[in-house]
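Asks: Right, I'll just put the structure down here and ask away after.
The values are calculated or read from the model by the stated rules, or taken from the named source; none is laboratory data. Please read these numbers as outputs of a predicted model, since none were measured by experiment. When we count neighbours, we look across all protein chains shown, and the Cβ atoms used for this are built from the backbone with ideal geometry, even at glycine. Keep in mind that these areas ignore ligands, DNA and RNA; they rest on the heavy atoms of the full protein, side chains included. Shrake-Rupley method; radii C 1.70, N 1.55, O 1.52, S 1.80 Å.
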Number of protein chains: 2
Amino acid sequence: MDNTNMKRLTAIPVALLLLSPLFADEGMWPMSEIHRLNLASKGLQVPVQVIYNPKGVSLIDGIVNIGGCTGSFVSPDGLILTNHHCAFSAIQEASTPERNYLENGFLAKTRDLEVAAKGQTVRITESYRDVSSEVLAVVQPGMEPGARTKAIEKRIKEIVLDTEAKNPGKRAEVSEMFIGKSYVLFIYTYLKDVRLVYAPPRSIGEYGGETDNWNWPRHTGDFSFFRAYVAPDGGSADYSTANVPYHPRRHIKVAPSGVAEGDLVFILGYPGRTYRHRTASYLDFEYRVRMPFTVEWYGWQINLMEAAGKADPAVALKVAPRVKGLSNTFKNNQGKLVGIRRADLLGKKRQEEKALADFIQADPQRKAKYGTVLAEIGSVYAQAEAAVPREFLLQFLTRSPEALRVAFTAYEAARERQKPDVERESSYMDRNWKQTSSRLVLSLRNFDRGVDEAILRNLLVRAAKLNAIPALRPILGNGQGSDIDRFLNQAYGATRIHDGKIVEDLLKKKPEDLDLFDDPFVQLASKLYPEVQAMKEAEKRREGDLNRLYSLYLDVKKDFLGRDFVPDANSTLRLTYGHIKGYEPRDAVFMHPITTLGGVVEKHTGEDPFVAPEGLMELHRKKDFGPFAPPKLGDVPVGILYDTDTTGGNSGSPVFNGRGELVGVNFDRVWEATINDYGWSALYSRSIAVDIRYVLWVALKFSGADHLLKEMGVKTN
Amino acid sequence: MDNTNMKRLTAIPVALLLLSPLFADEGMWPMSEIHRLNLASKGLQVPVQVIYNPKGVSLIDGIVNIGGCTGSFVSPDGLILTNHHCAFSAIQEASTPERNYLENGFLAKTRDLEVAAKGQTVRITESYRDVSSEVLAVVQPGMEPGARTKAIEKRIKEIVLDTEAKNPGKRAEVSEMFIGKSYVLFIYTYLKDVRLVYAPPRSIGEYGGETDNWNWPRHTGDFSFFRAYVAPDGGSADYSTANVPYHPRRHIKVAPSGVAEGDLVFILGYPGRTYRHRTASYLDFEYRVRMPFTVEWYGWQINLMEAAGKADPAVALKVAPRVKGLSNTFKNNQGKLVGIRRADLLGKKRQEEKALADFIQADPQRKAKYGTVLAEIGSVYAQAEAAVPREFLLQFLTRSPEALRVAFTAYEAARERQKPDVERESSYMDRNWKQTSSRLVLSLRNFDRGVDEAILRNLLVRAAKLNAIPALRPILGNGQGSDIDRFLNQAYGATRIHDGKIVEDLLKKKPEDLDLFDDPFVQLASKLYPEVQAMKEAEKRREGDLNRLYSLYLDVKKDFLGRDFVPDANSTLRLTYGHIKGYEPRDAVFMHPITTLGGVVEKHTGEDPFVAPEGLMELHRKKDFGPFAPPKLGDVPVGILYDTDTTGGNSGSPVFNGRGELVGVNFDRVWEATINDYGWSALYSRSIAVDIRYVLWVALKFSGADHLLKEMGVKTN
């Protein structure tokens, strides 16, 4: 699924570089560039200003960021359409065993029945401006690389704090557009009263579950509706019954006629991160080192949790969200490994880079300036690779076992919060501290000693073998399993770290108190802290080197191509266009680009995750399709496939037809298209949306949400 | 894979009924009927007499039965083309650790280097005749059903023995064409000197292994070549260097130009068993009871053996053939369950049967004669179902754990061989005893105590729960796991049943000696024997009932349809025709009907079963395709797909083009087409062959077998 990690989200739209001809493997266009794309020749039937108009209201004003996802206003009264998986935790939070909205779905028949989506916010972009020179002013030639990283980070924080001070109630973010080159400041409004309006049951919204995730053909009704509310004066406000629906500057019209094979589609959304302006040495490191490690370690954890869940249903409930998250990343990394190999991405990258190297060598001046850049970047990744066994272990020790993760975060927080605000890691800054600390306490809900102990045991056995983390030596003894077991048994027996009250208390303490605090995991965290700090310093030095080197790399790449190019995705607003189009994932296999309700019924086995509601199957038997089945298909379209360029963060993005009307809600990519992070491929890059006709049909026929169709201006017969 | 169980194989061709228009779901045509098919209008470019000519030589004279498979003579010198999986054990037998033909492939560069394929025989049909009246003469009206079964079995054996006595050196078989209605006697010659000529390495011949078995798209080079030899006088003879190549009456010409999408193809071969002339109650029983049980029990054994194999490579080697066999059946049954549901086969069958029931009710005379037939057949399957828990357990106790299987077979053999020859179970008759006993001893090669103990333990735990097999009570004690473990520990510690010498000795003993023989498994077999006998008697009674009832059912079905129809497959020679044609296995997925060498390379991961030989990948990189890549494809075709009607036993069948030339070697069906056993489906029934162009290309370019192409009359450039 294509939502992004919250931590990765930074800011909204618009890039900086003027660009000329298209660069084949790039398709996530900043708004400032889309007038150059000649979209009319591709099938756009409205002026490009309808999409983006810096001087007035345009479609982009109907797009919001909601959690890690994208959403669209689809009515003048602040109705928002996004993915079911983006609304998942809001639906879960609103559910009780008696009113299980996750299982049964939820529909507010009237506005007063819409329920608060706790913690859910809607982010609207107010303005943005280039702050590259302000940021880069702190960089001195010949600066020590770690100091360079820290100076840039600090300056960005200063700009953010200053901006927020001048704009009370707003949030500020600075987005790096090109490493070491350009930065944009965004100012956002956050709407805080967001309510759940309509969600189909899980058996529709999650149909196919993990099995179908990253897969085509797809039959998931991955959509939900929220509504944003504001104070009667129109300002952002916390939940109150006195609040009124928000009226967006612009809302998106849905198109009940949908799309057909070959039609132009375009997407507006907030793609999270891509890595296309990186070297072959980077991709090689990811492909050889990080992805196989992730597949191995995540796969092991998934197996562990599934086995524990099979043995005890209570454990199964606790580990379910983690299994879901781990599986998503696991399958994504598996897909990348396959896709990179099949599309020979590394070979192509090396070929391109060979041409760039030849170009550098061909001119003495260029050679003098850039002659060592590629090799130097390569050597940074080589350093990173040499450090991998120890660094991965330290990272996952403080991340995978809950007990140690919570203890370590509390300890690190105490240390960081001693520093001046702008020198802290972002999550410990005053402006983020409330969220960081409440999430930490909340995360303890799903603690399970058996699973946690097994995870830590696995890491300690690895650590004993590696024998390179001095802080662990007292625990590991002579490295025998029995020593490790003795420690685990004692530590998990004695700790109270899984108690929310204790953690809340810990978060108020000073580091020197924690150094003496009588809990085995707090003690271990205090011992590990200096080693983790040293590792982070090393990372910052590598980052500083790369910041300097990639700035040079981008300069010479621009010379080489004789033109500008678009920045990597960085959670800012982008447009990508393409066409409704099938693909051949493998020899002799062709995938049609539109799936049907018949396919939903066909997949139904009665076993999770393929349990279609009986009511839905009955409607299919009766061919009660309303106006949503195109005659040629004779069935309701469910999923659509298209060759746009998307990545994580594009979940919930509206898919538009040539008239700028909404025809689908983007939610995933095909497995092979996980390589989009490194390059777009005409053969394999396909993204997946739920067809608006399925959204409307389910809403109308299955759930009886006539009033919502009316609100969206859709006829129901 | 589409070979059949040896035990199921009975005899060769040609059916009896005259038939008029086509019956939609039947496509396995006896030779006597093919002149009615108007094959010319389907694309046949030669007279139908070229295929089958009762008065002369025709293509069918080039077809043989080889093991459980079909094969074709492809040269005047007795060269036989069949599947790699049909030659598997012959290749394995000929291999040594130093000359591992399975891994590395085998090619005899000259005829004197061709190696004996021990135990392999080639069966050629000499003649056949209808013996229905002779067989059915023993049936008396009102006969007790068990007696009816036994009388028919005995009469068949008498006919066989009598025929063999009159035709020294030949084998006779009687095939039941329609239950309780018609029987044909076949006389066969067996050629006993069969030699391995050429087999590609496993990495080609088994490429894709279990993962791809029953799957499309397919990239398996599932072919091998044998040669049949005879005595200098032309008679069948055991292996001797004095023997000479056999000259078949007719050989099949291979067509290096292959086929294209839409082309007519037809297949000649020995499909094993279908069950189309059975009632809905039969299919319901299979679908609800037998298939799920098979999937559960075989799946459990596969998991067990794979886990044991992972822990110990020596065990992995031992269990490999069993895992292969179990997996083939497991996946076949899984496919049936899916296919029957998707094609709604049971629903269609019930609908057809409803029409038949209405037809019966509509006429008082018909009602009097057939009014209870459907209900009576249903009640036989209801009896079978009631007996299932106990009968399945008894069957698998004497089949799945090797120790008890061997002991039980030895015990049963001793009992049976006390009886007159014609009253024994077929495998214990004198004419079969040598093979039965040598196979039993041979099967001990792969005995593994750990695996065997776990299998028997599982069955004993089930038996304890069921508590319906008195012979087991002393072992099961109070039904606790600890009692069972105690028995297993003692029994496997004490038994010597896994010693071939002991078993050879046992096979010479009388039942009363075995009753006293001091081995825990022989003792258990002797205790179980009366219960198994009683079960077999019950089966024979049900069979006798069905024999009588299906005879009536077929009569009224014929009245209802107003015409004759073809008999179910029964390992006799059949023709099936169709076209090179893709299919849609699922919503939005289309499968092209021709795969390519590029697909072989694409599937290569370097991990078993997807390790393509480097030499093959190099040839693909160099596009060294010889004359075998059609310009439109620009690559060598590897697999072909077509909508003929095949089943187990069609493995190795030649696939012909409209000119009666060989364009492929049939070896499998798609997963959904496992339902062919119960009905052919235009949507799902697709069979799979290795394309002759791949066979020739691998032989020429990869293996340098120029001389074989020359022998087949194929140009090499």
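Asks: Once the Cβ-Cβ distance between A:K42 and A:Y275 is put in as r, and R0 is 25 Å, what FRET efficiency do you end up with, to the nearest 0.05? It would help to have the intermediate numbers written out before the result.
Replies: Values: r = 27 Å, r/R0 = 1.07.
Efficiency computed from Cβ-Cβ geometry: 0.40.
Asks: Which value in nm describes the separation of the simple spin-label points at B:H707 and A:F590, placed 7 Å from the Cα toward the beta carbon?
Replies: Label at B:H707, label at A:F590, 4.5 nm between them.
Asks: Express the carbon and sulfur contribution to the solvent-accessible surface of the stretch A:280-559 as a percent, rounded to the nearest whole number, probe 1.4 angstrom. If you can, show how the numbers build up before the last one.
Replies: Working: 6780 of 12920 Å².
It is 53 percent, rounded to a whole number.
Asks: Something else about it: In whole Å, what is the distance between the alpha-carbon centres of the stretch B:294-318 and the stretch A:369-395?
Replies: If you average the Cα positions of each part, the centres end up 44 Å apart.
Asks: Tell me, what % of the accessible area of the stretch A:132-215 is carbon and sulfur with a 1.4 angstrom probe?
Replies: On the way: 1650 of 3080 Å².
Heavy-atom surface of the stretch A:132-215 belonging to carbon and sulfur, 1.4 Å probe: 54 percent.
Asks: Let me ask something else about it. Under a plain spin-label model, where a point goes 7 Å from the Cα along Cα-to-Cβ, how far apart in nm are A:V289 and A:K166?
Replies: Roughly 4.1 nm, to one decimal.
Asks: If you take the accessible area of A alone plus B alone and subtract the pair, what total do you get in square angstrom, rounded to 100, with a 1.4 Å probe? Present the calculation step by step, with values, prior to reporting the outcome.
Replies: Working: alone 29250 and 29260 Å², together 56930 Å².
Summing both chains' loss of accessible area gives about 1600 Å².
Asks: Report the calculated FRET efficiency for B:E158 and B:K508 (r = Cβ-Cβ distance, R0 = 25 Å), to the nearest 0.05.
Replies: Details: r = 27 Å, r/R0 = 1.09.
Result of the calculation: an efficiency of 0.40.
Asks: Let me ask something else. Determine which chain B residue has its Cβ at minimum distance from the rotation axis mapping B onto A, giving the value in whole Å.
Replies: Residue nearest the B-to-A axis, with distance in whole Å: B:F590, 2.
Asks: What residues qualify as long-range amide H neighbours of A:W214, i.e. H under 5 Å apart, gap of 5 or more or another chain, H built at 1.01 Å from N?
Replies: Under 5 Å from the amide H of A:W214 lie the amide H atoms of A:R669, each far enough along the sequence or on another chain.
Asks: A further question on this structure: Mind listing the phi-derived Karplus ³J(HN,Hα) values for the stretch B:681-691, rounded to whole Hz, using 6.51, -1.76 and 1.60 with θ = phi - 60°, and x for any glycine or proline?
Replies: Values per residue, Gly and Pro as x: 10, 4, 6, 10, 7, 10, 10, 10, 10, 7, 5 Hz.
Asks: Any idea what the relative contact order of chain B is, in percent, if you count C-alpha pairs under 8 Å spaced at least 6 apart?
Replies: Working: 1359 pairs, mean separation 179.3, N = 717.
Relative contact order, chain B: 25 percent.
Asks: Next up: Give me, ordered by chain and number, the residues 5 or more places off A:V254 or on other chains with an amide H under 5 Å from its own placed amide H.
Replies: A:L662
Asks: Here is a further query. Compute the label-point distances linking B:D430 to its equivalents in the other copies; points lie 7 Å from Cα along Cα→Cβ; give nm, one decimal, shortest first.
Replies: Result, one decimal in nm: 10.7.
Asks: Considering Cα pairs under 8 angstrom that are at least six residues apart, work out the relative contact order of the stretch B:436-547 and quote it in whole percent.
Replies: Details: 61 pairs, mean separation 27.9, N = 112.
Relative CO of the stretch B:436-547 lands at 25 percent.
Asks: State, to one decimal in nm, how far the label point of B:T96 lies from the label point of B:A387, with both points 7 Å from Cα in the Cβ direction.
Replies: The modelled label-to-label distance comes out at 5.1 nm.
Asks: Based on alpha-carbon centroids, what's the gap between the stretch A:161-205 and the stretch A:125-157 in Å, whole number please?
Replies: 21 Å
Asks: Only Cα pairs under 8 Å and at least 6 apart count here; give the relative contact order of the stretch B:280-559 as a rounded whole percent.
Replies: On the way: 226 pairs, mean separation 61.5, N = 280.
Result for the stretch B:280-559 is 22 percent.
Asks: Which whole-Hz ³J(HN,Hα) couplings does the stretch B:246-255 yield from phi under the Karplus relation 6.51 cos²θ - 1.76 cosθ + 1.60, θ = phi - 60°, glycine and proline marked x?
Replies: Using θ = phi - 60°, the values come out as 6, 9, x, 4, 8, 10, 9, 8, 8, 10 Hz.
Asks: Still on this structure, please answer the following. Using a 1.4 angstrom probe, figure out how much accessible area the stretch A:203-317 has per residue, in square angstrom, rounded to the nearest whole.
Replies: Working: 4310 Å² over 115 residues.
Dividing the accessible area of the stretch A:203-317 by its residue count gives 37 Å².
Asks: Do the sum for the protein assembly as shown: with -39,500 (n - 2.57) for every DSSP H run of n ≥ 4, divided by all residues, what is the mean residue ellipticity at 222 nm, to the nearest 500 deg cm²/dmol?
Replies: Numbers: 50 runs with 610 residues, N = 1434.
Dividing the helical sum by the residues of the protein assembly as shown leaves -13500 deg cm²/dmol.
Asks: Moving to a separate point now. Going by average Cβ neighbours within 10 Å, how do the peptides B:194-200, B:651-657 rank, with the highest at the top? Kindly include the intermediate steps, with their values, before the conclusion.
Replies: Working: B:194-200: 25.7, B:651-657: 29.6.
The packing order, highest mean first, is B:651-657, B:194-200.
Asks: In addition: Which whole number gives the average, over all residues in B:590-599, of C-beta atoms from other chains lying within 10 Å of the residue C-beta?
Replies: 3
Asks: Let me ask something else. Taking the Cα centroid of the stretch A:326-358 and of the stretch B:32-97, what is the distance between the two, rounded to the nearest whole Å?
Replies: Result: 47 Å between the Cα centres.
Asks: Using a 10 Å cut-off around each Cβ of peptide B:576-588, what is the average number of partner chain Cβ atoms that fall inside? Let's see the in-between values first.
Replies: Values: counts 0, 0, 0, 0, 0, 0, 3, 0, 2, 1, 7, 17, 17.
Partner-chain Cβ atoms within 10 Å, mean over residues of B:576-588: 4.
Asks: Starting from the amide H of B:Y583, placed 1.01 Å from N in the peptide plane, find each other amide H under 5 Å away whose residue is 5 or more places distant or on another chain.
Replies: Answer set, sorted by chain and number: B:M591.
Asks: Here's a follow-up. For the ranges B:277-287, A:266-276, A:487-497, A:108-118, what's the packing order if you count other beta-carbon atoms within 10 Å of each residue, average per peptide, and put the highest first? Write out the running numbers ahead of the final one.
Replies: Working: B:277-287: 20.7, A:266-276: 24.7, A:487-497: 16.6, A:108-118: 14.8.
So the peptides B:277-287, A:266-276, A:487-497, A:108-118, ranked by packing, come out A:266-276, B:277-287, A:487-497, A:108-118.
Asks: Quick one: Karplus J couplings for the stretch A:107-115, per residue in order, coefficients 6.51, -1.76, 1.60, θ = phi - 60°, nearest Hz, x for Gly and Pro?
Replies: Computed from phi, the couplings for the stretch A:107-115 are 9, 7, 6, 9, 4, 5, 8, 5, 9 Hz.
Asks: Rounded to the nearest 0.05, what FRET efficiency do B:A307 and B:E537 give with R0 = 41 Å and r taken as the Cβ-Cβ distance? Could you check? Write down the numbers at each step before the final one.
Replies: Working: r = 39 Å, r/R0 = 0.94.
E between B:A307 and B:E537, to the nearest 0.05, is 0.60.
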